[in-house]
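Here it is, the structure in full.
The values are calculated or read from the model by the stated rules, or taken from the named source; none is laboratory data. Owing to the predicted nature of the structure, the values given are computational and were not obtained by experimental measurement. Here the Cβ is made from the backbone with ideal geometry for all residues, glycine too, and neighbour counts use every protein chain on show.
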Amino acid sequence: MAATHSSRSPESERLHWPTERIVPYQWERLQETIAAAKRSPHYRQLLNGLRLESLDDLSTLPLTTKDDVRSASPFGLVAVDRNELFQYHESFGTTGTPASGWLTRGDLENYAAQINQTAVNLDCSDRVLVRFPYAISVPAHIVTQAARNRDACVIPASSRTAVSPHSRIVELLEKLEVTVIGCLPMEAIWLAETVRLMGRDPSRDFPHLRAICTAGELLTDARRQRIADLWDAHVFNMYGCTEAGNIAADCEFGRLHLSWDHFLLEVLDETNCQPVAPGKMGMAVLTTLTREAMPLLRYTLGDYVHLHSEHECPCGRKSPIIEHFGRDLNRFQFAGRWHFVRDLEELLLQAPAEAIGNLWLIEVRPGEVRFRVEAEQPDPGLYQSLERRVRDEMDLQLRIDAVAPESILNRSRLTKIEPVNKPRIVGIVRQDGAPSLTLDDLM
């Protein structure tokens, strides 16, 4: 595994502050945030007459829901003059209508600083291949800005397109001696599979690759270890949203630390919106502290988390640790109970990769849940043992189903190269009575 850089970055300094030092800082930022929010059409009436005396009064503010943000888009939450708007993004809209995310220049810098709180600690020796999509979403742009702010070289590959198929990315990784990849967790697995299809070994043939920075998708500890083993590289996770920024970043010990100099995070019971007991799972509710264009107060993220405020992380950070369980798309209902994909993956992916594989699907069926895997070496005995463990620990009727290669993922998708042409208006017409030339013929 390639060596990592020193983990303590200037951007993470406030994460090491003791609670008695960060609280006055947060209180000052919160007062600024409320004053700014009152300038937005959405909050102007909601906050009229409300006064807070301390951070403890935060719960007196109304919640801001996803629907509020969607209905207020595009300009209803903007708290600055439109001449100050610097960049625009939208959420993917995977759970509904996309939500707007306006940034000032200062917001973009704050987003980048939040990225640089991760222990990957980019510097001028790094060549960072950004595999997040640049189109309208935010991760690619803020990872790019974070890398530039640390004098790293950026390779803006973007997500899979006709111009940037997986095979071309593999070639870039090799010939440019890429040191860091930024991508979705699943993209890291797909790229590793592409490397194998091209007759190479991801764990041996990219000696310069030291780290993979993931975001935008649930990453369990077991899945993280799978990706780290595939590439023989450290994996650093980041957790955030388009509307607010990067909420938490991994330390060198793989723990997501809240950027408590940029955010306040409450964990509420989803049934009554009251605080859960310390360390219990609940609904994440976020208040921004440094957001300029779109300050958000008590924003319901739609994520399920544990928040551990009392801890002794070996990294030295004092900011709370977040355990992220994902959103509704990361859980499923069976026999009247909700189950989180995270819990299932943590149990099953401890098994050898040869038996469980790196590509899998969860299918909820009447009477059972199937965990379909493409396994190089199916092991029925191991599967039975794992099924019993899942039944005992999760009260879930599971069947592990090893399927033939390419049953889950058609590998031609990874190696397909589509022709790329620039627009043309000049074409050669055949002399055989062919109909008139059209632009369709030249695309």
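Which numbered condition in (1) among the acidic types (Asp, Glu); (2) in contact with a Ser or Thr (Cβ under 9 Å, 6 or more places away or on another chain); (3) at pLDDT 95 or above is the only one that Glu109 fails?
Unmet for Glu109, out of (1) among the acidic types (Asp, Glu); (2) in contact with a Ser or Thr (Cβ under 9 Å, 6 or more places away or on another chain); (3) at pLDDT 95 or above: (2).
Moving on. Search segment 357-380 for residues being of a type in the set (Lys, Arg) and surrounded by 12 or more Cβ atoms within 10 Å (Cβ to Cβ), and hand back the single one that is nearest to Arg399 (Cα to Cα).
Arg370
Leu122: crowded, with 22+ Cβ neighbours inside 10 Å, out of contact with any Pro (no Cβ under 8 Å at 6 or more places or on another chain), outside any strand (DSSP E or B) and not basic (Lys, Arg), yes or no?
Answer is yes for this residue.
Which of the strands (runs of 3 or more DSSP E) found entirely inside segment 284-397 contain at least 2 residues meeting this: free of Cβ contacts under 8 Å to residues at least 12 places away in the same chain?
Correct list: 360-365.
Got a number for residues in segment 34-53 being surrounded by fewer than 18 Cβ atoms within 10 Å (Cβ to Cβ) and either among the aromatic types (Phe, Trp, Tyr) or under 19 Å from Leu85 (Cα atoms) (or both)?
Counting residues in segment 34-53 that are surrounded by fewer than 18 Cβ atoms within 10 Å (Cβ to Cβ) and either among the aromatic types (Phe, Trp, Tyr) or under 19 Å from Leu85 (Cα atoms) (or both) gives 4.
Further question on the same structure: Among the residues in segment 308-317, are any farther than 20 Å from Ile115 by Cβ and among the small types (Gly, Ala, Ser)?
Within segment 308-317, one or more residues are farther than 20 Å from Ile115 by Cβ and among the small types (Gly, Ala, Ser).
Can you report the number of residues in segment 65-107 which are surrounded by 21 or more Cβ atoms within 10 Å (Cβ to Cβ) and in a helix (DSSP H, G or I)?
Adding up the residues that qualify gives 2.
Restricted to segment 413-436, and to residues that are farther than 23 Å from Thr161 by Cα and within 46 Å of the chain's Cα centre (by Cα), which residue is modelled with the lowest pLDDT?
Gly427
Inside segment 250-281, can you point out the residues that are part of a strand (DSSP E or B) and over 27 Å from Ser73 (Cα atoms)?
Asp250, Leu256, His257, Pro275
Okay, next question. How many residues are of a type in the set (Lys, Arg), part of a helix (DSSP H, G or I) and within 29 Å of the chain's Cα centre (by Cα) when one looks only at segment 1-53?
Residues that pass the stated criteria total 2.
Tell me which of these Ala146 doesn't satisfy, since it passes every other one: (1) buried (at least 22 other Cβ atoms within 10 Å of the Cβ); (2) in a loop (DSSP other than H, G, I, E, B).
(2)
OK, next. Scan Arg327, Arg298 and give me the residue that is over 12 Å from Leu258 (Cβ atoms) and modelled with pLDDT under 95.
On inspection, the qualifying residue turns out to be Arg327.
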